[in-house]
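Have a look at the structure below, then the notes.
The values are calculated or read from the model by the stated rules, or taken from the named source; none is laboratory data. Everything numeric in this text was worked out from a predicted model, so none of it was measured. Virtual Cβ from ideal backbone geometry, glycine too; neighbours counted across all protein chains shown.
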């Protein structure tokens, strides 16, 4: 049995990727994801893999594109401003049906913003991570253990559906240490028939491409790709319900703010208030049905984020006006306390449902 | 007896290039090289944005289309993932020396074992004739309608000269395909570049001074004259770096 070890979130992400069969890492330094790259620089040579510090985020994501085209499990990691630079490459990955893991250890923005934890890249991650019609898989862990587990999941689903996947972490999850059990089995990346590995003179050439100059051809291709997205929305959505069955008020929060919200729920339950937490684990696909399932019994939703309010849009779309949806957020790198969320929720309960 | 036929590494399809454009000749030289070295089966080509973005339809080897300027980074990813692969990029002047300058310089200085075929025709072809980083002083283009004024639009970049200063570069050679003699020399340079890559000597680049009759607004024949009179004096042909020649 695997031992429990104490690990920093960022390092756990890196080790989990190696365990998932990732042998190629391309990145560029940025706070607060630094430990991912530093860990990879140490580990990759030991497992016969590639660590390369690229000249820019743009170069790094295009190296990812090349290594993915060659059929490998490949990743990059960055933080908010760096992810903006990668968005061109992520659009190309999606357009060429290439899987890859992109880690965003979010900090505050816009611009250079700050280096403290934030959740202000929700729109960027879920509203199409670049130009054009597309989605990427977005996973939002709220513990170091879950970060590890979701890395394996992200690689698996990325390969299965041939699309990029993102772990949307943040400076708090990346920098904190928690006990974690790493997977014992080392996964070997699957063989990909479509990859450009060289024909070996045995097959017709493979082409990796996102260019379709005929509009009818591109429309048809996108419609097909969106059928895949619809299938993913049906089958791959993940969320956690915590004390929602009898809840009058349900807090909806993901990642770091969900950890704090969970503590707030415990405080309120101790006071006898029926408050629960619904925690989206996949942000795309967004757990609409899981939220809608609460509508018959809940009286009100409260969305808590470390932003000015982004995921709240998706909650409102899911609830579709059938129940009230309120918002509480801290931003700029500020983390809400359990007490301030509890006070907000308690006040919200006092106002007529 | 067949004395001249299509190289096996070239697909049997019509190309979309304009009459008098150099791409067709250079494609052929690359394909002949792959045939002669017997490496088509382990070759992956990278074609970024530009007129040659459709090169993936023309080569029998595996092909990857890349974003504008990013071919050296994509080729780096392929290189690291396929240790036995033969990797080449096929880039234009805007791609290599404007939007992709950082990727070009860093792939070169890392000494990535890749071969870069660089088409320098001093203009943006695909978008309809705008100033390129290699457009000549005084050259009229869509975005330099009064001629390239180096005081405001800057000076052209001599890519081989610049890259030859970097330690990772194994071969930097400038050729042309305007006449039979030069075509034969160009073929030799391209073959040498692939051979150096396969030997693991470093980054190799062959710059081909090329024509763009459509966007130059000249006939194919006049284009060749313009190339000899204007481009070759500014971009002298020759070997700028050869790691085997001390």
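Taking the condition under 23 Å from residue B:170 (Cα atoms), more than 19 Å from the chain's Cα centre (by Cα) and part of a loop (DSSP other than H, G, I, E, B), does residue B:14 pass? Show your work before the answer.
On the way: under 23 Å from residue B:170 (Cα atoms): no; more than 19 Å from the chain's Cα centre (by Cα): yes; part of a loop (DSSP other than H, G, I, E, B): yes.
Here the answer is no, as residue B:14 does not meet what is asked.
Within the range A:68-102, which residues are surrounded by fewer than 24 Cβ atoms within 10 Å (Cβ to Cβ) and within 9 Å of another protein chain (Cβ to nearest Cβ)?
A:71, A:88, A:91, A:96, listed by residue number.
Might you check whether a residue that is in contact (Cβ under 8 Å) with a residue 40 or more places away in the chain, outside any helix (DSSP H, G or I) and in the same structural domain as residue A:182 (by TED's automatic domain parsing) occurs anywhere in the range A:144-161?
Looking through the range A:144-161, none of the residues is in contact (Cβ under 8 Å) with a residue 40 or more places away in the chain, outside any helix (DSSP H, G or I) and in the same structural domain as residue A:182 (by TED's automatic domain parsing).
What is the number of the single condition among (1) more than 18 Å from residue A:118 (Cβ to Cβ); (2) within 27 Å of the chain's Cα centre (by Cα); (3) assigned to a loop (DSSP other than H, G, I, E, B) that residue A:325 does not meet?
Status for residue A:325: all satisfied but (3).
Just to check your reading of the model, which residue among A:200, A:223 is in the same structural domain as residue A:70 (by TED's automatic domain parsing) and in a loop (DSSP other than H, G, I, E, B)?
Details: A:223 fails: in a loop (DSSP other than H, G, I, E, B).
Checking each option against the conditions leaves just A:200.
A quick yes/no check of all residues on (1) at the interface with chain A (Cβ under 10 Å from one of its Cβ atoms); (2) over 16 Å from the mean Cα position of the chain (by Cα); (3) closer than 15 Å to residue A:211 by Cα; (4) assigned to a strand (DSSP E or B):
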residue	(1), (2), (3), (4)
B:45	yes, no, no, yes
B:53	yes, no, yes, no
B:65	yes, no, yes, yes
B:87	yes, no, no, yes
B:91	no, no, no, yes
B:97	no, no, no, no
B:102	yes, yes, no, no
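At pLDDT 95 or above and more than 14 Å from the chain's Cα centre (by Cα) - does that describe any residue in the range B:112-122? Full working, then the answer.
First pass over the range B:112-122, keeping only residues at pLDDT 95 or above: B:112-122.
From the residues that got through so far, the ones that are more than 14 Å from the chain's Cα centre (by Cα) too are B:112-113.
So far as the range B:112-122 goes, yes, one or more of its residues are at pLDDT 95 or above and more than 14 Å from the chain's Cα centre (by Cα).
Considering only residues that are in contact with a strand residue (DSSP E or B) (Cβ under 6 Å, 6 or more places away or on another chain) and surrounded by fewer than 21 Cβ atoms within 10 Å (Cβ to Cβ), which ones fall in the range A:144-168?
Once the filter is applied, which keeps residues that are in contact with a strand residue (DSSP E or B) (Cβ under 6 Å, 6 or more places away or on another chain) and surrounded by fewer than 21 Cβ atoms within 10 Å (Cβ to Cβ), the range A:144-168 yields A:145, A:157.
Out of everything in the range A:192-222 that is under 16 Å from residue B:82 (Cβ atoms) and more than 7 Å from chain B (Cβ to nearest Cβ), what residue ends up being surrounded by the fewest Cβ atoms within 10 Å (Cβ to Cβ)?
Per the criteria, the residue is A:202.
Enumerate the strands (runs of 3 or more DSSP E) found wholly within the range A:228-308, keeping only those where 2 or more residues are touching a residue at least 12 places away in the same chain (Cβ under 8 Å) and surrounded by fewer than 22 Cβ atoms within 10 Å (Cβ to Cβ).
Answer list for the range A:228-308: A:239-242.
Going through A:11, A:15, A:3 one at a time, which residue ends up being more than 10 Å from chain B (Cβ to nearest Cβ), more than 20 Å from residue B:81 (Cβ to Cβ), without any contact (Cβ under 8 Å) to a residue 40 or more places away in the chain and surrounded by fewer than 23 Cβ atoms within 10 Å (Cβ to Cβ)?
Numbers: A:15 fails: without any contact (Cβ under 8 Å) to a residue 40 or more places away in the chain; A:3 fails: without any contact (Cβ under 8 Å) to a residue 40 or more places away in the chain.
Matching residue, one of A:11, A:15, A:3: A:11.
Within the range A:328-343, how many residues are buried (at least 18 other Cβ atoms within 10 Å of the Cβ) and part of a helix (DSSP H, G or I)?
Matching residues across the range A:328-343 total 2.
Among the candidates B:28, B:42, which residue alone is farther than 29 Å from residue B:214 by Cα and surrounded by fewer than 24 Cβ atoms within 10 Å (Cβ to Cβ)? Spell out the reasoning first.
Working: B:28 fails: farther than 29 Å from residue B:214 by Cα.
On inspection, the qualifying residue turns out to be B:42.
For residue B:83, state whether it is more than 9 Å from chain A (Cβ to nearest Cβ), surrounded by fewer than 23 Cβ atoms within 10 Å (Cβ to Cβ) and either in contact (Cβ under 8 Å) with a residue 12 or more places away in the chain or closer than 27 Å to residue B:223 by Cα (or both). I'd like the intermediate steps shown before the answer.
Values: more than 9 Å from chain A (Cβ to nearest Cβ): yes; surrounded by fewer than 23 Cβ atoms within 10 Å (Cβ to Cβ): yes; either in contact (Cβ under 8 Å) with a residue 12 or more places away in the chain or closer than 27 Å to residue B:223 by Cα (or both): no.
So residue B:83 fails the test.
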